[in-house]
Every structure is written in structure tokens, then in C-alpha cells.
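To start, the structure under review is shown below, and the notes come after it.
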Number of protein chains: 2
Amino acid sequence: MAAVSQNDSRVVVVGAGFAGIEVARGLGAARIPVTLIDRQNHHLFQPLLYQVATAALSPADIAEPVRKVLRGYESVEVRLDEVVSVDARTHTVSLASGDTLSWGWLVVATGATHSYFGHDEWAAFAPGLKTIEDARIIRSRLLLAFEEAERSHDKEQQRRLMTIAVIGGGPTGVELAGSIAELARYTLSKDFRNIRAETATVLLLEAGPRILPAFPEALADYAARKLGQLGVTVRTQCAVENVSANAVRANGEDIGVGFAIWAAGVRASNLGTLLGVETDRAGRISVNGDLSVPGLDRVYALGDLTLLADAKGGNLPGLAQVAKQQGQYLGRALAQKIRSGSASQPFRYKNRGNTAIVGRHAAVFDFGWWQLKGWFAWSFWALIHVYLLVGFQHRLMVAIQWLWRYVTYERGSRLIAEGAGKR
Amino acid sequence: MAAVSQNDSRVVVVGAGFAGIEVARGLGAARIPVTLIDRQNHHLFQPLLYQVATAALSPADIAEPVRKVLRGYESVEVRLDEVVSVDARTHTVSLASGDTLSWGWLVVATGATHSYFGHDEWAAFAPGLKTIEDARIIRSRLLLAFEEAERSHDKEQQRRLMTIAVIGGGPTGVELAGSIAELARYTLSKDFRNIRAETATVLLLEAGPRILPAFPEALADYAARKLGQLGVTVRTQCAVENVSANAVRANGEDIGVGFAIWAAGVRASNLGTLLGVETDRAGRISVNGDLSVPGLDRVYALGDLTLLADAKGGNLPGLAQVAKQQGQYLGRALAQKIRSGSASQPFRYKNRGNTAIVGRHAAVFDFGWWQLKGWFAWSFWALIHVYLLVGFQHRLMVAIQWLWRYVTYERGSRLIAEGAGKR
């Protein structure tokens, strides 16, 4: 093996989500020099972000400092910064701080963000849920809608303010709608004098023929029924045509709302564009089986930013577990390649079950070969997430407390942030 | 007793701090109609706010929704709003929302905010600590200073960025300085590769001859010695003359800083001005022994907004326990007055001990007749605060967890909020 200068072997990893963190861990375990860049200082346990948005958890419960997560890996350096351009020829990245870093290998795992399908002006009225800040904004606006209703003396206006629209019937939309309905029904119902919070209308608007399109139809039907029992009005074949401050227009009808949340579209981060490679309409990069980017040397991409065919001829879904498994794979494979120059077998995804939480004590689980729903699925989900949270934070107390609060519906995090009501 | 219309007996309480909450509780227990107005939706356990600012606690750990706290009192109504004017003649208050409320009795308990002694332009560079939002900003900027230092290649610049100035040597300044020194020394020290966080300089700048002027000299000396052991540089007789983005000027010398925090001056909220009554230079209203406002009928004021002589001829300090005791007193006294028309004995303060936390396992306690310092004082403080937090939130788990995290120095809340670095 030829001697390499330090810069020739340094791996620059962009993004500290599930994928990027695992790559850094794998390379760090092999003592390979890594610089991990993220514009946030925390790694986020995104599957529970909807619980921060609906006041069941605090931001710090599901966000760990990236530096703490990677503290044990001496060869890994963390940078709070943002990539503004990539040069695959000179093997450099330029950062928002003005610095330029050179790399021997580049791994991009910058994930996805919301897509408003060309209507970015809707973002001001219907925020999406990807970051802690998004969750804080949603939580504040949600609670402010009820505060405004309490203050109002106009029944019509109260009804509008207490109408919350969740746009998009995928897992995030289902989880948000269920959780908001429960917040209104079990928690806020005791807090007001002038309104009855439990009469709030929660709308789940889905453009397609059914919610949870990625799940088997029986599970989606079950979820829709359970949502109905919680008081969520599910409307399918309902295409949103406009979003404004106080209304959502769908199928030609204006629906007055107190607040709307966007859970409909996802778009890959702009790293594909920065790399200058071909992407699909959602900005995703089609990667090779070993997660390398076609046409570029020593550049890899993984997670929600990418498209990869699954065993059945479709594409792998944009899930935390896909990103995490890809990260674990690439950490090992790249370490092996850098150490010995040998190539690895292509990545293979193991489906550990796709899940959506419908609400209090109800969930759906799809393992492909097996399906699960109801109370048992919920318990199973809760157990798995306590386990994952403990692994994530090494904080057993937080995990137990979270489970306790979740089961008892004591939502302690009902904070309205200053200025969050301004649009 | 003459029949009164509802508006004649309704008590409007402005401010949901320790004082206002207790007044509402006392009146609520007597089933007297109350409207409590606050511009925040949460009641804050302010004595632990410095721990949110230094990443030891999450905002929700020390903030409870006002509606939840007062949920059990059916005659109490809560309003998220802000008082913009008061008319003592027509017995009305006007609110930021545009509404006007009439009152039979008015209680103002709007507390205090920072005072920059005529230099409000310093606020952008040296934020004060009064609200959850303040704490979030301080936490973010503090962590960002270390992030910037890690990124820098210039030793001089690194040294400046890792210099944190706390301006003001009262209890808040002492607690912040001690807590920041510990954050750098015990927590951040393991996180960086390029800097040694434990070498950070924490300055505590006090204009007077010694820190903790409200405490006996022996306790202040002990606190200064303990701060020194933690690595805090205490400078007394050090008058701050200017604060800018990267420097604090004191005694004619420019000190380069990564971040400065203002803990020097306090000014009462503007309710005294709105009431049109005389105030002292800090905006405080001198109240009568029964907490009524001189010259106004049926108007009371209490807490940090007010000045009241103590038994020794001085004034009562601006402490949470003073505000709380005054609130308990006024809730009872006003209920009695409204119910039976009879007057109460004047308010008497019971000193339950004045305390300041110097850092890990060290505190000072002043009970007037008895003084306590060191590890035992710290344990005593921790026990009392676990007790108070449990009473505050009815959440034993949070209190235990807080104690555990505090003792082990596992600071889980090291989140940098988006946009918080912008000045």
C-alpha cells in the first residue's frame, strides 16, 4: 500500500443524521481520520420529532450533541458548518465559514427537506417537520390557535381557530394528526374556560386514494378507523390547491383553519446539485450498490438524499432504518477499502418493520412477511423506542420518563416560544 | 354586604410569576372570579433559569403551563395577552389583542427586567437572563463561542472566543459564572479536538467592592474563593464602560470576549408608569403595608415590581420567596376583604434563607440568624429545590432526574437553536 498524505486519506462526511453518524462511527472505530460537518450541533432522533411538535417531549429528549455522540472516536473531528460547494476534481469542499477542506474520500448524507411542489410561499402558513426548530414552531402555533380561540367571542371564529389541518397522509401526517387529536381531547380539554378544546377538528388531507400508501391496505384501513375514533377527519382524494394564513383550499373548497401543517412532500437536500450529478425530480441521487456516486471518484452518498433499488425492483423507502443500515454498511466497507483497497459486497437492506403510530395505544407494523396492529403493536413500538432511546442517549431515566408521560398523557412541554406566532 | 355586579367583584391579576400565581390560587380557593393575564403561556421557576442557560436543564423542566397550574380553580380564567394601558378611574385595562377588561380589583405583579443603565444598545451583545427565550439565546451563544474557537486556527482568536464575561456579581452572576466554568471544565473538555475547553477564561466583573453584596462578607469571601478554584476570575471594583460584539471595556481596558452576559442591573416592568403612580429610579412602586398602591383605589402591587420596607428599616429584596409570600398573603387578604369587607394585618416577610450556588457541591446560605456554606449548604439547597420542583410540577421523576444530571454533570441540553447566533 502506497504512503498517502493525511489529506489523501481523510474522509469528509457531510450530515450528522442517522446515516452520517454511523459512517463516522464505523470509520472512527477503524481509527481513520474523519471530519464530520453539520450545520446543527445536534444529532436528532427524528422518528419522535412529532412528539416534540405536539408537546409530549422536550427537544433535548431527542437531540444529542454530535460531539458527545462521537466523543469516544479520537480520529473523528466534528465541525459546525455548512457546505456551500463541492469540487470533485480538486477534492475539496467550501464551507459557509469561508474555510476550504480537502478530502481523500467524500461521503454525503444530508437527507431531505420539505417540498411544497413549487409553492414555497405556502411554507409560511403550513410549516413542515424536519428540525427541532420546526417542531418548536409547530408546537407554539398549535397552542396559540387554542389561545386565540379562548380569547374570541365569535363562535364561527372559534370553530375556525380550532380546526387544524395536517396535509399529507404518510406516517408523519398520521402520527401528527393522531397526536394533535389526543392533545386536544385529553390534555387541553381541562385547561380552558371559554372553549371546549376536545371539540377541535383535526383534518388529515391526503391527495391519494388512501392514507399510508406504503403500508398494506388492511393496515391503512385500520389506521383510518382508529384515527376516526380519536376524532380525526380523514379526507382522501383531497388535493390541496392553496394554503393561506387562515385557510386551506382543497378540491375547490376553502376550509378555514387555525393552523396547517405540511407533511406532504419531501425533496432531497441540494447536495446532488452541488455535486453536479444527475438527480430525479425530487433531487435524489441514484447511487451504485456500494453507495458510490456514479461518475465520481471516491464520492459516496446515502440515506434520504439517495435512490437505491431494492430486491423487488422498487426503491428503498426514505426511512431512518434504511439510512442507519446504509451508514453502518458504508462505515465498515469504506474502512476496509481505505485500509486494504478491497471492495465490499453491495449494500443489502434488512427490513426490521415499517411502523406508524395512530395514537394512544394503537399502531401499525409492517414486517413484509408479517403484519401487526392495535394495542400489541403499540406496546411493541413503545418497547423498541425505549430501547432505541436508551441506546441513543444512554439515559435510561429519560426513556422511562418518556414512556410514563406518553402513557399518562401528561404533556409537560406545552411551551409557546416568544415570537413563534409571527408569520 | 351589598350586591355587586360581576365586574365589580372580578379581580384582574397581571403577571403569572411567583406573586401573581399565588394571588390567583388564594382567590381561586375562595371561588372569587379572577382573570390572570400574562404574555407568556408558562409560569417559570426562575431560580433555576441559569441551569437552562448553561445546558443542565431543558426549558420544560422549569416551566409549567399557567393553565395547568390553575386548572383546579374554576373561578380563575387565564388569558395570554399583554396589558398596554390601565385606567384606574374607569376600572379597565386595555390589552394588546385589542380587548378591554373591566375589573373590580386590580393586582399587578409584572416583575422586573434587565437594566443597562441607559445603554440599551449593549443588550444585543450581552443578553440578560429573565425568560426561557433569554436562556435559550445564552445557551446557544455560549456553545457557539466554543464552536467558533474549534474552527479557528489563530491562537489569539481562540483565546478571545473562549473568554466569557459575566457582568454583575449578584447571585445570578455568581451562579452563571460557576456553572459556565463547570460546563467548560467537566463537560465540553471532552468534546473538542482543536481547543482545550477547560482552559476557557470565565470572568466575573463586579463594579462594587465585593461579589454577593446582599450576603454577609464571610459568605461572599467563601464564594469568591470557590469560584477561583473552579477557574473563574473574579474582578471587583471593575466598572463596565462599554460592551461591543467582541469586547467588554472595564476600567479603561478592552477585554476581548467570545460572549458576554448581563447580570448587573434590574429595572421594574413599566406597570408603574402605566398606573401613573410615583416610582423610584428603578421603576418600582412603593406600596403600603397591605400591598395596596398609594393614591389608587382597589389597586394592589407586589413582587419585584414594588418596594416595601422590611422590619430593619431597609427594603425587602427582589427574591422569589418575597414575591411568593406576598402573593400568598394578598390572595388570602383580598379574598377576606372582598367577602367580608374587613382589612387584614399588614404583610410580614419570613426570611427562609437567601442562597447562591457557587458550583458543583458548593453553596452559601444566609438565614440572617445562621449562615451555612460548602458541601452541606449545597446538599441542603439541592434537597430544597427537589422539594420545590416536585411541588412545582408534581413530577417526581423530573426532580430526581434533574438532581442526577446535576450531580453527574451530564448536561443533556446542549442545543444550539437555529438563528440564535445572529446578533
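The values are calculated or read from the model by the stated rules, or taken from the named source; none is laboratory data. Since this is a predicted model, take the numbers as computed values, not measurements. Note that each Cβ is placed from the backbone with ideal geometry, even for glycine, and that neighbours are counted across all protein chains shown. Surface accessibility is based on the protein's heavy atoms, side chains included, excluding ligands, DNA and RNA. Shrake-Rupley method; radii C 1.70, N 1.55, O 1.52, S 1.80 Å.
Some notes on this structure:
- When each of the peptides A:166-173, B:133-140 is scored by the mean number of other C-beta atoms lying within 10 Å of its residues, the order from highest to lowest reads A:166-173, B:133-140.
- Efficiency of FRET from Cβ geometry, A:V84 and B:F376, R₀ 60 Å, rounded to 0.05: 0.65
- Selection among B:H385, B:G303, B:S269 by position relative to the dipole of chain B gives B:H385 as farthest towards the positive end (Cβ unit charges, Cα centre).
- Local net charge near B:A177, Cβ-Cβ under 14 Å (Lys/Arg +1, Asp/Glu -1): +2
- Carbon/sulfur fraction of accessible area - chain A, other protein chains in place, 1.4 Å, %: 51 percent
- The trypsin sites (Lys or Arg not before Pro) found in segment A:21-108 that occupy coil by DSSP, while having at most 10 further C-beta atoms within 10 Å, are A:R89.
- Other copies of A:S189: label-to-label distances in nm, shortest first, labels 7 Å along the beta-carbon direction: 5.2
- Remark on segment A:92-135: accessible area falls by at least 50 square angstrom from chain-alone to full-complex state for A:E133, probe 1.4 angstrom.
- Total formal charge among the other residues, if their Cβ is under 12 angstrom from that of A:K324, Lys/Arg +1 and Asp/Glu -1: +1
- Contact order for segment B:160-250, expressed relative to its length and based on alpha carbon pairs under 8 Å spaced 6+ residues apart, stands at 31 percent.
- The mean number of Cβ atoms from other chains found within 10 Å of a Cβ in peptide B:19-29 is 0, as a whole number.
- The value of relative contact order for chain A, using C-alpha pairs under 8 Å at least six residues apart, is 20 percent.
- Over the residues of chain B, the helix contribution to mean residue ellipticity at 222 nm works out to -10000 deg cm²/dmol, using -39500 (n - 2.57) for each DSSP H run of at least 4.
- Residue by residue, segment B:269-275 carries 3J(HN,Hα) couplings of 5, 7, 5, x, 4, 4, 6 Hz when phi is fed to the Karplus relation 6.51 cos²θ - 1.76 cosθ + 1.60 (θ = phi - 60°); x denotes Gly or Pro.
- Ordering A:V66, A:T187, A:G341 by the projection of their Cα atoms onto the charge dipole of chain A, which places +1 on the Cβ of Lys and Arg and -1 on the Cβ of Asp and Glu, puts A:T187 at the extreme positive end.
- Length-normalised contact order for segment B:98-246 - Cα pairs under 8 Å, 6+ apart - percent: 21 percent
- Cα shape, the protein assembly as shown, gyration tensor, a/c 1.5 rule: oblate
- Taking θ as phi - 60° and the Karplus parameters 6.51, -1.76 and 1.60, the scalar couplings of segment B:114-121 work out to 6, 10, 9, 6, x, 10, 4, 5 Hz in sequence order, x denoting glycine and proline.
- Environment charge at B:E22 (Cβ cut-off 12 Å; Lys +1, Arg +1, Asp -1, Glu -1): +3
- Taking a ≥ b ≥ c as the square roots of the eigenvalues of the Cα gyration tensor, segment A:1-138 is classed as oblate, since a/c reaches at least 1.5 and a/b does not exceed b/c.
- For B:V234, residues with placed amide H under 5 Å, excluding near neighbours: B:L204
- Sites B:S97 and B:D280 - FRET efficiency at Förster radius 25 Å, r taken between beta-carbons, to 0.05: 0.20
- Two-site label geometry, A:W369 and B:Y387: point separation in nm, points 7 Å out along Cα→Cβ: 5.9 nm
- Hz values of 3J(HN,Hα) by residue in segment B:347-359 - Karplus curve (6.51, -1.76, 1.60), Gly and Pro given as x: 5, 10, 8, 9, 6, 9, x, 9, 9, 9, 9, 8, x
- Top of A:L271, A:L316, A:L129 by mean-square fluctuation, Gaussian network on chain A, Cα under 10 Å: A:L316
- Top of A:A124, A:A56, A:A165 by mean-square fluctuation, Gaussian network on chain A, Cα under 10 Å: A:A124
- The C-alpha atoms of chain B define a longest principal axis, and helix B:320-340 lies at about 10 degrees to it.
- Distant-in-sequence amide contacts of A:N315, defined by a placed amide H-H separation under 5 Å and a gap of 5 or more residues or a different chain, comprise A:D310.
- Distance from segment B:185-199 to segment A:290-363 (C-alpha centre basis), Å: 34 Å
- Solvent exposure of segment B:239-394 as accessible area per residue, Å², 1.4 Å probe: 49 Å²
- Surface accessible to a 1.4 Å probe, per residue, for the residues of segment A:109-164, Å²: 39 Å²
- Options B:A88, B:H119, B:N351, ranked by Cα towards positive dipole end of chain B, top entry (Cβ charges): B:N351
- Between the amide H of B:T113 and those of B:R267, B:A268, B:S269, distances stay under 5 Å, these residues lying 5 or more places away or on another chain, with hydrogens modeled in the peptide plane.
- Accessible area buried at the A-B interface, both sides summed, 1.4 Å probe (Å², nearest 100): 4500 Å²
- Placing unit charges on the Cβ atoms only, positive for Lys and Arg and negative for Asp and Glu, gives segment A:1-144 a dipole magnitude near 300 debye about its Cα centre.
- For chain A, the longest principal axis of the Cα atoms and the long axis of helix A:375-393 meet at an angle of about 50 degrees.
- Averaging Cα coordinates gives a centre for segment A:102-162 and one for segment B:12-30; these two points are 34 Å apart.
- Largest first and in whole Å, the equivalent-ellipsoid semi-axes of segment B:220-358 read 39, 20, 12, each the square root of five times a Cα gyration tensor eigenvalue.
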